[in-house]
Amino acid sequence: MRQVLEAAHALFLELPYDAVSTDAIAKAARISKTTMYVYFPSKEALFSALVRDNCQQTAQSIWNSATDTQDVEEALRAIAQNFTAMFATTDALAFYRTIIAQVPRFPELGRIFYESGPKAILERVEFFLREASARGDLAVPDPALAASQFLQLISVDIPLTGLLALEPLTNDRVTATIESGLALFLKGYRPPSSSEPGLGGGR
């Protein structure tokens with residue numbers, strides 16, 4: 001039920017998890033608790049559904065504009081820009097912190113978050129790299145490994161810097177990190193005819 005998820009999301013961004021009651025969520029969503037419990041039988045079930053929904057929306061947003069080009073470098077750049085943008089968004093970081101804080105007492109939440117978010121993103125990047133390799137745009141012997149390498153190279157410490165609020169993430173820093181990581185990734189996985197042998201291709 002979209003209105004409940006949106007109301008809950010707004011409240012969890014504003015208040016600590018324990019300070020958000022089902023009464024407050026129902027009131028913000030303008031429905032009765034009885035109706036809300038038909039869809040979400042508990043606060044924990046509602047928060048789990050919210051985490052899953054938020055992760056799915058975030059994962060999908062990474063592919064915005066990435067499929068608008070046939071150029072593999074431009075597509076990877078778009079993916080990288082969308083991925084790192086998550087860690088410069090105040091609301092996204094606040095929600096991630098709330099999730100992490102609840103995992104110790106709600107271990108199942110960790111699995112829900114991982115499978116709906118990081119794992120889904122990795123699998124989508126893996127699929128993209130597999131397809132690019134099949135077309136001959138890249139030479140990727142292990143797409144699963146390459147997907148993980150790509151996300152690490154184009155983000156480095158950006159996620160941790162954002163989550164811990166260590167320092168502001170400037171556009172210049174993010175762009176430099178993306179371009180450096182992308183160049184290194186392509187150096188390793190361009191087909192032998194278009195680059196020197198490197199990390200994973202062209203031996």
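Quick note: the coordinates plus some simple rules give every number you see, no bench work behind them. Values in this document were obtained by computation on a predicted structure and should not be read as measured data. Neighbour counts run over all protein chains shown; Cβ positions are idealised from the backbone, glycine included.
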Fill in the blank from the handout: Mean separation of Cα contacts under 8 Å (at least 6 apart) over the residue count of the chain, i.e. the relative contact order in percent, is 17 percent
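Which FRET efficiency value, to the nearest 0.05, do you get for Ala183 and Asp68 by plugging their Cβ-Cβ distance into 1/(1 + (r/R0)^6) with R0 = 30 Å? Walk me through the intermediate numbers first.
Values: r = 22 Å, r/R0 = 0.72.
In this case the efficiency is close to 0.90.
Given 0.36 nm per residue, what is the gain on full extension from Thr35 to Leu163 after removing their alpha carbon distance, in nm? Don't skip to the answer; put the middle values down first.
Details: separation 128, 0.36 × 128 = 46.08 nm, distance 3.52 nm.
Gain on extension, Thr35 to Leu163, equals 42.6 nm.
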Practice task
Go ahead and set up a Gaussian network model of the chain, Cα springs under 10 Å, then flag whichever of Arg105, Arg52, Arg97 fluctuates most.
Solution key: Arg105
Exercise for the section: Take each uninterrupted DSSP H stretch in the chain, measure its Cα extent along the helix axis, and return the ones at 15 Å or beyond whose mean Kyte-Doolittle hydropathy is at least 1.0. Expected result: 143-155
Problem - Candidate values (1) 16.2, 51; (2) 17.8, 54; (3) 19.7, 64, label of the one derived for Rg and Dmax of the Cα atoms in Å - result: (3)
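Grab the beta carbon distance between Glu108 and Asn171, set R0 = 45 Å, and tell me the FRET efficiency rounded to 0.05.
Values: r = 37 Å, r/R0 = 0.83.
About 0.75, to the nearest 0.05.
Rounded, prolate or oblate: which fits the range 88-203 when a ≥ b ≥ c are the square roots of the eigenvalues of the alpha-carbon gyration tensor, with rounded for a/c under 1.5 and prolate only if a/b beats b/c? Let's see the in-between values first.
Details: a/c = 3.30, a/b = 1.64, b/c = 2.01.
The shape class here is oblate.
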Problem - Per-peptide average of other Cβ atoms within 10 Å, ordering 3-16, 79-92, 28-41 highest first - result: 79-92, 3-16, 28-41
